[in-house]
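Colleague: This is the structure I have questions about; it appears just below.
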Amino acid sequence: LSNRLNQPEIATQLNFYRALYQSALLNHKKSREALAGIPAQLKEKYKKALQWIDRNNNQVKKGRLHYIFDCNDKPLAYYNLATRNTVSTLPGFDFSLFNNDFKTSFKFFSLTLDRGIQTTLQEVFRNYYGSFLLFNVVDCSIAAAYSKPKSRAKKGNTVFTELYEPGSIVKLVTMLAYLHTPANSSERDIFPFQCNGYLQLDGKTFYDWTTHKRVDSIDDALAVSCNLAFARMGMSLGHTALNSFFKQFYFNSQAIKDMFISFKTGKTSDTIASGYQMANLSVGLDVVSMTTFHAALVSTIISQNGSIYTPHLIKNKKNLLNIAFYHHKPQLIKILEDNAAFFKVKNAMVYVVESPDGTGRRSRVNDLSVALKTGTAGNKKEGLDA
């Protein structure tokens with residue numbers, strides 16, 4: 001360096017890096033002192049970098065450094081210099097994991113979240129408890145992840161961590177397994193099906209919410225969400241075939257990682273053996289649980305015909321000068337190749353809305369085709385989960 005630069009230039013370089021270093025240590029006073037040592041004629045050379053250093057110093061002086069931003073560069077959280085903690089300005093999201101990572105080194109985060117959508121969710125959930133996750137199915141980025149747990153004792157983002165009994169939304173996985181697995185006998189075709197409102201299995205009574213009487217097709221079974229029909233579908237497959245299919249859809253798998261963030265998925269009981277337990281697995285009760293993240297992931301897999309990209313929340317990381325040193329690299333994941341089965345499931349999900357008896361008929365929207373599956377679980381005493 002000394003061979004190529006004269007003494008004033010060396011001093012300028014040192015002052016620039018000193019200012020950068022002190023800014024990264026959140027010491028705005030020493031950073032400003034170093035900046036003062038850079039001659040005016042050379043400040044133009046470092047103009048863009050100096051603007052970012054000055055911006056950071058001004059925020060640190062005020063005690064708040066915004067370092068987490070949404071997909072539109074709107075601030076989501078800031079670092080409080082007094083408490084050394086990250087404070088979220090985004091409704092329904094906790095940034096404590098980012099706080100721990102920020103303390104290791106100065107950085108800015110750009111996330112895939114959309115602040116506008118997340119703020120709207122706060123209004124939607126005004127009179128409700130629960131969680132919500134929205135994927136951008138193009139690249140499986142998370143556009144919204146909202147948590148409002150009923151218990152104040154629950155911390156963090158329950159949308160990624162809290163397991164619950166999912167109920168009938170699991171019937172989509174059972175339906176895919178039933179359609180995808182080749183029929184080995186005439187017993188595999190259960191339709192038309194007679195629903196009497198209950199089944200006797202292993203000395204126990206397996207109930208439905210109502211008596212559906214004659215259920216003509218698999219579309220009708222999904223539309224009215226017939227527990228007994230789906231129990232028969234699951235039992236016709238057998239435990240080994242059905243359980244392996246659930247594993248393909250991330251049940252009993254390790255959490256999905258996005259850098260230092262973990263997205264938990266669902267699990268099923270290890271001891272499913274009886275017909276009664278098989279029936280419960282097939283309809284999402286008792287022996288099966290999942291997170292809201294996992295429920296949204298299953299929905300995305302269906303919408304994309306069995307192939308998705310790696311789910312992610314962190315878009316990129318940038319250094320103090322706003323230069324990115326990490327970008328998320330999407331990887332294609334193929335879960336199941338069976339376009340015919342996915343096509344039938346999606347058509348049946350539309351019928352859930354379009355059928356006069358469909359459980360999703362109240363979600364009908366003019367001039368728009370909506371595909372969905374409703375689910376109800378829990379108990380009336382504590383309040384049912386939808």
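Colleague: Please determine, by comparing only the residues of the stretch 109-120 that are outside any strand (DSSP E or B) and touching a residue at least 60 places away in the same chain (Cβ under 8 Å), which one is most open to solvent (accessible area, probe 1.4 Å).
Modeller: Within the stretch 109-120, the match that is most open to solvent (accessible area, probe 1.4 Å) is T112.
Colleague: Using the structure shown, decide if A295 is open to solvent by less than 40 Å² (accessible area, probe 1.4 Å) and under 20 Å from the mean Cα position of the chain (by Cα).
Modeller: Values: open to solvent by less than 40 Å² (accessible area, probe 1.4 Å): yes; under 20 Å from the mean Cα position of the chain (by Cα): yes.
Answer is yes for this residue.
Conditions (1) open to solvent by less than 20 Å² (accessible area, probe 1.4 Å); (2) out of contact with any helix residue (DSSP H, G or I) (no Cβ under 6 Å at 6 or more places or on another chain); (3) assigned to a helix (DSSP H, G or I), marked per residue:
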| position | (1), (2), (3) |
| --- | --- |
| L42 | no, no, yes |
| K45 | no, yes, no |
| K61 | no, no, yes |
| H66 | no, yes, no |
| A82 | no, yes, no |
| V87 | no, yes, no |
| N99 | yes, yes, yes |
| Q122 | no, yes, yes |
| R126 | no, yes, no |
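Colleague: Among the strands (runs of 3 or more DSSP E) lying completely within the stretch 137-225, list those that include at least 2 residues that are closer than 20 Å to I302 by Cβ and in contact (Cβ under 8 Å) with a residue 60 or more places away in the chain.
Modeller: Fully inside the stretch 137-225 and qualifying: 141-148.
Colleague: Hey, another quick one. Out of all the residues in the stretch 333-369, which are loosely packed, with under 12 Cβ neighbours inside 10 Å, outside any loop (DSSP other than H, G, I, E, B) and without any contact (Cβ under 8 Å) to a residue 60 or more places away in the chain?
Modeller: K334, N339, R362, V365, L368
Colleague: Let me ask another. Which members of the stretch 373-382 meet the condition of being surrounded by fewer than 16 Cβ atoms within 10 Å (Cβ to Cβ) and under 24 Å from the mean Cα position of the chain (by Cα)?
Modeller: G378
Colleague: Among the residues in the stretch 146-153, are any buried (at least 24 other Cβ atoms within 10 Å of the Cβ) and farther than 30 Å from I218 by Cβ?
Modeller: Going through the stretch 146-153, the residues buried (at least 24 other Cβ atoms within 10 Å of the Cβ) turn out to be 146-147.
After this cut, where a residue has to be farther than 30 Å from I218 by Cβ as well, the list is 146-147.
Yes, because at least one residue in the stretch 146-153 is buried (at least 24 other Cβ atoms within 10 Å of the Cβ) and farther than 30 Å from I218 by Cβ.
Colleague: Would you mind stating whether S289 is within 25 Å of A143 (Cα to Cα), out of contact with any helix residue (DSSP H, G or I) (no Cβ under 9 Å at 6 or more places or on another chain), part of a strand (DSSP E or B) and hydroxyl-bearing (S, T, Y)?
Modeller: Yes: the conditions hold for S289.
Colleague: Let me ask something else about it. Of everything in the stretch 193-232, what is among the aromatic types (F, W, Y) and either over 35 Å from the mean Cα position of the chain (by Cα) or closer than 23 Å to N347 by Cα (or both)? Give them in sequence order.
Modeller: Those that are among the aromatic types (F, W, Y) and either over 35 Å from the mean Cα position of the chain (by Cα) or closer than 23 Å to N347 by Cα (or both): F193, Y198, F230.
Colleague: Assuming A279 fulfils every condition listed in (1) small (G, A, S); (2) crowded, with 21+ Cβ neighbours inside 10 Å; (3) under 22 Å from F342 (Cα atoms) apart from one, which condition is it?
Modeller: (3)
Colleague: Restricting attention to the stretch 239-248, which residues are in contact (Cβ under 8 Å) with a residue 24 or more places away in the chain and either part of a loop (DSSP other than H, G, I, E, B) or under 28 Å from the mean Cα position of the chain (by Cα) (or both)?
Modeller: Scanning the stretch 239-248 gives A241, L242, N243, F245, F246, Q248.
Colleague: Listed residues F325, F251; which is within 30 Å of Q59 (Cα to Cα) and over 14 Å from the mean Cα position of the chain (by Cα)?
Modeller: F325
Colleague: Please give the number of the condition L285 fails out of (1) open to solvent by less than 40 Å² (accessible area, probe 1.4 Å); (2) touching a Pro at 6+ places or on another chain (Cβ under 9 Å).
Modeller: The failed condition is (1).
Colleague: Let me ask another. Starting from residues that are polar (S, T, N, Q) and over 15 Å from A279 (Cα atoms), keep the ones in the stretch 195-224 and report whichever is most open to solvent (accessible area, probe 1.4 Å). Walk me through it before giving the result.
Modeller: Restricting attention to the stretch 195-224, the residues satisfying the condition of being polar (S, T, N, Q) are 196, 200, 205, 210-211, 217.
If we keep only those that are over 15 Å from A279 (Cα atoms) too, we end up with 196, 210-211, 217.
On the way: N196: 92, T210: 70, T211: 72, S217: 39 Å².
It comes out as N196.
Colleague: Something else now. Does K247 satisfy the criteria of being closer than 16 Å to F293 by Cβ and either in contact with a Lys or Arg (Cβ under 7 Å, 6 or more places away or on another chain) or not small (G, A, S) (or both)?
Modeller: no
The values are calculated or read from the model by the stated rules, or taken from the named source; none is laboratory data. Everything numeric in this text was worked out from a predicted model, so none of it was measured. All Cβ positions, glycine included, derive from the backbone under ideal geometry; neighbour counts span all protein chains shown. SASA here: full protein model, heavy atoms, side chains in, ligands and nucleic acids out. Shrake-Rupley method; radii C 1.70, N 1.55, O 1.52, S 1.80 Å.
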